[in-house]
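Presented below is the structure to which this report refers.
The values are calculated or read from the model by the stated rules, or taken from the named source; none is laboratory data. What you see is a predicted model; the values in this text were computed from it and never measured. All Cβ positions, even for glycine, are placed from backbone atoms using ideal geometry, and neighbour counts span all protein chains on display. Surface areas here come from the heavy atoms of the whole protein model, side chains and all, with no ligands, DNA or RNA. Shrake-Rupley method; radii C 1.70, N 1.55, O 1.52, S 1.80 Å.
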Amino acid sequence: MTDAQDTRPTPRRRRVEWVIGGLLVVVLAVEIVLIWPDLSESVQNLGDLQWGWVAAAVTASLASMSSFARVQRCLLGVADVHIRQRQSLAVTFASNSMSVTLPGGPVLATTFRYRQTRLWGASPVVATWQLVMAGALQAIGLALVGLAGALLVGAETNPFSLIFTFGGLCAFLVVAQYAASRPDALEGVGITALRGFNALRKKPPLTGVRRWKHIVNQMSAVRMDRRDTARAFGWSLFNWIADAACLAFACYAVGAHPGFAGLAVAYAAGNAARSAIPLLPAGLGVMDAVLVPALTASGMTGAEAVSAIVVYRLVSFLLMATIGWIVFAARFRGAQQQGEEGPDLAPLWRPGT
């Protein structure tokens, strides 16, 4: 069986995708029928944009891209892979364009970032660790934005959920920082876990130990202290805040003034929906189906919500993707690439010599 056959979607998965896609079309059709009067009014609103706020939205979106590039620099820097901001920003723009415009974009973007990280001198372990850590920090940042909004709109009535959520976030950061600052401490824990796992599989106790030591040896290049963790998390959180600000400025550009708490909840819910159902580029349709009613609930009219989303999409999606493809054509098209596959843990399990 070839690799292409291995990655071919199963009939069951294809049916599920068609069902989800069909439901999405139905939801969008119903939504368009219900808000058609607002939709026609929103077109008129676009002719009365406040261009100062549009410029602010563009600035916020650029700041969001720049902050993600700084997250990448922070995570690579702790592994002694030092790059300039313009290098990291170029990869961020190019990978973002791949992610939001191409079929299978997130996979292609991740592979592109992995290869560029390897070209900068990162080992396979460090390159993969950087991708995983950046994704985890982004998930925590988005959760924190949504949690702040939920708290402001009245989630204080259920303090235990907030305690457990914050506890989980803090625990993750502490464990991640400890593992990155003292990878040698993981060796004993990993060997103990392998012994137990081998006992369950009825394998020799030392099976896989040499490979685990090889991984720990490569991870020793990563030295991430609390300051590094705080800096990376701060830039990751700012990445979401700047993008949420872009949405807020888009609302102001059409003359709307949504509540801060409602806007934060709407933004977090829309991005969560986009991540949960990655059927269309940049969550087009999926995210919008959540944002329209959420923004309406925050105090905007239906026409204002639709107009604001159009402005937000033109800036954060179309403009940023256009810049990214220009950057890709100028810097990466035709560049020599190493013969690396995508981020895969398999190469990490080769015993060291």
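In segment 61-135, what percent of the accessible surface is made up of carbon and sulfur (1.4 Å probe, ligands and nucleic acids excluded)? Kindly include the intermediate steps, with their values, before the conclusion.
Values: 1500 of 2620 Å².
On segment 61-135, the fraction of accessible area on carbon and sulfur atoms equals 57 percent.
Which shape class applies to segment 99-145: rounded if a/c is under 1.5, otherwise prolate when a/b exceeds b/c and oblate if not, where a ≥ b ≥ c are the square roots of the Cα gyration tensor eigenvalues? Mind showing how you got there, number by number?
Working: a/c = 3.15, a/b = 1.20, b/c = 2.62.
It comes out oblate by the Cα gyration axes.
Can you tell me the FRET efficiency between Gln85 and Trp325 if r is taken as the Cβ-Cβ distance and R0 is 22 Å, rounded to the nearest 0.05?
Values: r = 20 Å, r/R0 = 0.93.
With R0 = 22 Å, the Cβ-Cβ based efficiency is 0.60.
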